[in-house]
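Notes to accompany the following structure.
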Amino acid sequence: MKNKLTAAGILIAIGIAFGDIGTSPLYVMKAIASVNPDFTVDYILGAVSCVIWTLTFQATLKYVVIALRADNKGEGGILSLFSLLKAKSRKWVYVVAAIGAAALVADGMLTPAITVTSAVEGIRLIVPSMPVIPVAVAIIILIFIIQQRGTEKIGRLFGPFMLLWFLALGVSGIYGIYGNLWIFRAFNPWYAVKLLVSSPQWFMIMGAVFLCVTGAEALYSDLGHCGRRNITAGWFFIKTMLILNYLGQGAFMLSPAYRQGDNPFYAMVPQALVGWAVVLATCAAIIASQALLSGSFTIFSEAIALNFWPRLRIKYPSAQRGQLYIPAVNWSLLAGCLLTLALFRDSSHIEAAYGISITVTMLMTTLLLAIWMRLKGVPTGVYISFSIFFIVIESIFFLANISKFMHGGWYSLLVAAIVAAVMMIWQSSTRLRKSFISFVPLREKTGLIEAISNDREIPKYASNIVYLSRTDNPDMLESKVLYSIVNKQPKRADHYWFIHIEYDDAPDTFTYSVETFVPGKIFVVKFNLGFRINPRVSVYLRQVVEDLVSKGELDLISTYPSLRSFQIPGDFRFVMLHRIFTPTDERRRSENFLLRAHDNLRKLAISDRDAFGLDTSLLDTETVPLILSGRSPAKRIKPVECVGEVMGEN
């Protein structure tokens with residue numbers, strides 16, 4: 001089990017959860033050096049000290065010690081955290097969750113670009129004329145292409161390879177430290193404080209230092225894949241290797257062998273091993289990017305289940321539990337990565353856009369964690385101290401990164417703003433549309449439906465009619481569904497099925513329940529599906545029917561004499577209601593805007609037929625208006641009482 005502490009579990013965590021934060025040494029010290037190329041011993045000691053204590057507070061304390069405990073039935077991440085709070089918190093909390101999730105998506109678009117480019121740039125140490133961008137583009141395209149085939153087989157190699165990568169980080173760090181033990185003074189936080197207080201460039205330094213924890217959010221997001229104990233145990237090994245490497249780079253940067261402008265990560269590696277270092281770094285970047293893409297698919301899957309995003313096509317490319325693939329997300333992120341490379345051209349320029357969005361995610365996570373701690377009964381002084389401490393730190397990091405806005409930070413904020421806007425509009429408009437749907441008690445209408453079923457004067461529509469219900473209460477029936485059965489075209493059938501799908505916050509929930517309103521005639525079926533379960537209503541209903549038949553609660557054989565004599569089952573026909581919005585002056589402009597936006601965003605979604613896995617040959621779609629108001633028109637047409645009075649007499 002993933003929740004148990006095992007060597008295999010730790011190895012999986014090393015391969016999945018730490019890829020993003022584990023490739024940070026490729027560019028962090030280079031970014032710090034670019035702030036002040038004429039750096040001194042105190043500058044390097046202060047910068048490395050900042051890195052060490054940022055890793056300690058942000059990654060270790062906030063995420064490993066605190067956030068990993070806020071699990072939603074084993075799942076982690078900002079949307080899973082929101083799921084824990086949505087029933088007990090104010091409605092504005094969904095705005096915080098949407099902003100945080102959108103910023104994480106923007107980070108997911110930039111990560112492959114910066115990690116792969118930083119890794120490939122090491123080739124220039126061997127072949128100075130080698131063009132980096134074409135190689136990086138080819139690798140990134142390959143990363144995205146393999147997603148559609150699943151990563152079950154190559155995923156088994158992630159853990160052992162990333163273990164080798166982190167060991168290489170530690171060994172190369174020790175090589176850089178050798179003979180320069182003075183660098184261990186960086187563990188003293190005084191050097192960090194001294195640098196930030198004395199340097200006029202402290203804002204820029206903080207922006208560069210923050211890059212060392214850009215993968216910290218992934219530690220929480222991958223909770224469901226790896227388990228808290230395995231991530232916690234693996235982190236202390238990972239943190240040791242990372243700090244050794246940062247110490248080594250810092251020490252090497254003050255040696256005569258270092259040349260201004262070099263990437264210290266590659267420069268401190270012996271010349272004979274640079275080629276191997278490039279290969280290792282490139283493979284680690286690929287794994288980090290792949291893991292982040294899997295996390296992006298999970299984010300959108302959760303967003304769909306929480307009504308933050310239009311329903312997209314979700315595929316399950318392998319038998320590995322929980323692995324999913326969303327084509328629209330995959331290709332959109334690929335386009336974003338390629339656009340990033342086209343705009344910024346090298347890792348130094350991408351660094352300006354990188355980091356700013358993840359600070360937004362961290363701030364939103366802090367706010368949600370503070371609410372979670374309050375709801376869990378944590379003492380007031382503790383969760384308030386937690387909130388103030390991390391909001392102050394992350395606000396400083398955000399302001400430090402926002403200073404790079406004109407140099408590229410605008411790009412990631414623009415992407416995050418677009419995604420957040422879609423999430424908030426879709427969530428608000430979905431909630432608004434739902435408020436216009438009226439319901440009637442089903443038990444009060446069973447007599448009417450049963451009478452239609454027994455009326456031989458009405459042509460039989462199908463042996464079994466199936467409606468997908470939008471009500472949260474199985475005892476209620478949508479008035480439009482009743483209208484479809486009774487008024488639009490009286491639909492006679494032997495059996496009526498009303499299906500309600502409830503999406504569970506847990507990822508792998510897969511249960512159903514049946515309530516019989518009229519024995520052998522009217523059934524309400526409720527499917528409880530986790531956000532990782534593919535809705536295939538036709539298949540699931542078949543299992544429900546077989547279970548009812550085996551219990552003797554349903555006679556499925558057709559009532560047509562010719563078919564019944566051969567024991568042929570009755571047919572099934574699904575009826576979907578598509579509600580059309582018509583703008584009206586009777587609604588507020590904001591509501592009309594939301595409903596128009598909802599209809600436009602629906603064009604991004606797959607059809608209900610595909611979303612619920614319905615058999616297309618057995619599906620009818622009926623269009624009905626979404627009634628916005630029951631008010632009478634402001635003016636009424638008057639009847640003509642006397643033609644002569646109107647026309648006049650000749």
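The values are calculated or read from the model by the stated rules, or taken from the named source; none is laboratory data. Remember, it's a predicted structure, so these values are computed and weren't measured experimentally. Quick reminder, even Gly has a Cβ in these numbers, built from the backbone with ideal geometry, and neighbours come from all protein chains shown. Ligands, DNA and RNA are excluded from the accessible area calculation, which covers all protein heavy atoms including side chains. Shrake-Rupley method; radii C 1.70, N 1.55, O 1.52, S 1.80 Å.
So which helices (runs of 4 or more DSSP H) stay within the range 527-638 end to end and still have 3 or more residues that are at pLDDT 80 or above and open to solvent by 70 Å² or more (accessible area, probe 1.4 Å)?
Numbers: elements: 537-550, 561-564, 589-601, 608-611.
Qualifying helices (runs of 4 or more DSSP H): 537-550, 561-564, 589-601.
Condition (residue is in a helix (DSSP H, G or I) and free of Cβ contacts under 8 Å to residues at least 40 places away in the same chain) applied to the range 161-172: is it met by at least one residue? Steps first, please.
Here is the first cut: in the range 161-172, the residues in a helix (DSSP H, G or I) are 161-172.
Of the ones still in play, those that are also free of Cβ contacts under 8 Å to residues at least 40 places away in the same chain are 171.
Yes - at least one qualifying residue is present in the range 161-172.
Take the conditions within 16 Å of residue 612 (Cα to Cα) and among the aliphatic types (A, V, I, L, M) and apply them to residue 518. Does it pass?
Working: within 16 Å of residue 612 (Cα to Cα): no; among the aliphatic types (A, V, I, L, M): yes.
So residue 518 fails the test.
All but one of (1) open to solvent by 10 Å² or more (accessible area, probe 1.4 Å); (2) under 21 Å from residue 140 (Cα atoms); (3) among the aromatic types (Phe, Trp, Tyr) hold for residue 316; state the number of the condition that does not hold.
Of (1) open to solvent by 10 Å² or more (accessible area, probe 1.4 Å); (2) under 21 Å from residue 140 (Cα atoms); (3) among the aromatic types (Phe, Trp, Tyr), only one is false for residue 316: (2).
Which condition breaks for residue 467 when tested against (1) within 35 Å of the chain's Cα centre (by Cα); (2) assigned to a helix (DSSP H, G or I)?
Against the list (1) within 35 Å of the chain's Cα centre (by Cα); (2) assigned to a helix (DSSP H, G or I), residue 467 comes up short only on (2).
Condition first: open to solvent by less than 40 Å² (accessible area, probe 1.4 Å) and part of a loop (DSSP other than H, G, I, E, B). Can you find one or more residues in the range 250-257 that meet it? Break it down into steps so the answer makes sense when it comes.
First, pick out the residues of the range 250-257 that are open to solvent by less than 40 Å² (accessible area, probe 1.4 Å): 250-253, 255.
Add one more test, that the residue is part of a loop (DSSP other than H, G, I, E, B), and what stays is 255.
Looking for residues that are open to solvent by less than 40 Å² (accessible area, probe 1.4 Å) and part of a loop (DSSP other than H, G, I, E, B), one finds at least one in the range 250-257, hence yes.
Quick one: count up the residues across the range 497-519 that are in contact with a Lys or Arg (Cβ under 7 Å, 6 or more places away or on another chain) and either part of a strand (DSSP E or B) or within 18 Å of residue 541 (Cβ to Cβ) (or both).
Filtering the range 497-519 down to residues in contact with a Lys or Arg (Cβ under 7 Å, 6 or more places away or on another chain) leaves 500, 502, 505-508, 512-513, 517.
Filter once more, so that each one left must be either part of a strand (DSSP E or B) or within 18 Å of residue 541 (Cβ to Cβ) (or both): 500, 502, 512-513, 517.
Counting residues in the range 497-519 that are in contact with a Lys or Arg (Cβ under 7 Å, 6 or more places away or on another chain) and either part of a strand (DSSP E or B) or within 18 Å of residue 541 (Cβ to Cβ) (or both) gives 5.
Tell me which residues, restricted to the range 394-434, are more than 25 Å from the chain's Cα centre (by Cα) and β-branched (Val, Ile, Thr).
Scanning the range 394-434 gives a single hit, 396.
Here are the criteria: (1) crowded, with 24+ Cβ neighbours inside 10 Å; (2) of a type outside the set (Val, Ile, Thr); (3) closer than 16 Å to residue 146 by Cα. Tell me which single one residue 325 does not satisfy.
(1)
Select from the range 423-443 the residues that are assigned to a helix (DSSP H, G or I) and touching a strand residue (DSSP E or B) at 6+ places or on another chain (Cβ under 9 Å) and write down the one among them that is least open to solvent (accessible area, probe 1.4 Å).
Restricting attention to the range 423-443, the residues satisfying the condition of being assigned to a helix (DSSP H, G or I) are 423-435, 442-443.
So of that shortlist, the ones also touching a strand residue (DSSP E or B) at 6+ places or on another chain (Cβ under 9 Å) come out as 433, 442-443.
On the way: 433: 23, 442: 2, 443: 134 Å².
Checked the range 423-443; the qualifying residue least open to solvent (accessible area, probe 1.4 Å) is 442.
From (1) of a type in the set (Asp, Glu); (2) crowded, with 19+ Cβ neighbours inside 10 Å; (3) free of Cβ contacts under 8 Å to residues at least 24 places away in the same chain, pick out the condition that doesn't hold for residue 394.
Checking residue 394 against (1) of a type in the set (Asp, Glu); (2) crowded, with 19+ Cβ neighbours inside 10 Å; (3) free of Cβ contacts under 8 Å to residues at least 24 places away in the same chain, the one that fails is (3).
Please count how many residues of the range 229-264 are over 28 Å from the mean Cα position of the chain (by Cα), of a type in the set (Gly, Ala, Ser) and within 19 Å of residue 284 (Cα to Cα).
Counting residues in the range 229-264 that are over 28 Å from the mean Cα position of the chain (by Cα), of a type in the set (Gly, Ala, Ser) and within 19 Å of residue 284 (Cα to Cα) gives 0.
Would you check if there is a residue in the range 400-407 being over 22 Å from residue 220 (Cβ atoms), outside any helix (DSSP H, G or I) and either of a type in the set (S, T, N, Q) or at pLDDT 90 or above (or both)? Can you show your working first?
Here is the first cut: in the range 400-407, the ones over 22 Å from residue 220 (Cβ atoms) are 400, 402-407.
Keeping just the survivors that are outside any helix (DSSP H, G or I) gives 403-404.
Subsequent filtering for residues that are either of a type in the set (S, T, N, Q) or at pLDDT 90 or above (or both) retains 403.
For the range 400-407, residues over 22 Å from residue 220 (Cβ atoms), outside any helix (DSSP H, G or I) and either of a type in the set (S, T, N, Q) or at pLDDT 90 or above (or both): present.
Is it the case that some residue within the range 280-290 is open to solvent by 20 Å² or more (accessible area, probe 1.4 Å) and more than 21 Å from residue 157 (Cβ to Cβ)?
no
Here are 191, 220: which of them is part of a helix (DSSP H, G or I), among the hydroxyl-bearing types (Ser, Thr, Tyr) and out of contact with any Cys (no Cβ under 9 Å at 6 or more places or on another chain)?
Working: 191 fails: out of contact with any Cys (no Cβ under 9 Å at 6 or more places or on another chain).
Criteria check complete, one pass: 220.
Residue by residue through the range 82-92, note down the ones that are in contact with a Leu (Cβ under 7 Å, 6 or more places away or on another chain) and open to solvent by 30 Å² or more (accessible area, probe 1.4 Å).
Result: 88, single match.
Regarding the range 510-525, can at least one residue be identified that is under 33 Å from the mean Cα position of the chain (by Cα), open to solvent by less than 20 Å² (accessible area, probe 1.4 Å) and at pLDDT 80 or above?
Here is the first cut: in the range 510-525, the ones under 33 Å from the mean Cα position of the chain (by Cα) are 510-514, 524-525.
From what's left, open to solvent by less than 20 Å² (accessible area, probe 1.4 Å): 524-525.
Okay, now just the ones that are also at pLDDT 80 or above, so 524-525.
Yes, the range 510-525 has at least one match.
Based on this model, can you work out whether residue 95 counts as of a type in the set (A, V, I, L, M, F, W, C) and crowded, with 18+ Cβ neighbours inside 10 Å?
Working: of a type in the set (A, V, I, L, M, F, W, C): yes; crowded, with 18+ Cβ neighbours inside 10 Å: no.
Answer is no for this residue.
Given 293, 211, 219, which one is at pLDDT below 85, under 28 Å from the mean Cα position of the chain (by Cα) and within 29 Å of residue 424 (Cα to Cα)? Before you say what the answer is, go through the steps one by one.
Values: 211 fails: at pLDDT below 85; 219 fails: at pLDDT below 85.
Checking each option against the conditions leaves just 293.
Is the range 448-469 home to any residue that is open to solvent by less than 40 Å² (accessible area, probe 1.4 Å), in contact with a His (Cβ under 6 Å, 6 or more places away or on another chain) and farther than 30 Å from residue 597 by Cα?
Yes, because at least one residue in the range 448-469 is open to solvent by less than 40 Å² (accessible area, probe 1.4 Å), in contact with a His (Cβ under 6 Å, 6 or more places away or on another chain) and farther than 30 Å from residue 597 by Cα.
If you go through the range 201-232 one residue at a time, how many are surrounded by 24 or more Cβ atoms within 10 Å (Cβ to Cβ) and of a type in the set (Phe, Trp, Tyr)?
2
Across the range 162-171, what is the number of residues that are under 22 Å from residue 289 (Cβ atoms) and surrounded by 15 or more Cβ atoms within 10 Å (Cβ to Cβ)? Walk me through it before giving the result.
From the range 162-171, those under 22 Å from residue 289 (Cβ atoms) are 162-169; that's our starting set.
Among the residues that remain, those that are also surrounded by 15 or more Cβ atoms within 10 Å (Cβ to Cβ) are: 162-163, 165-166, 168-169.
Matching residues across the range 162-171 total 6.
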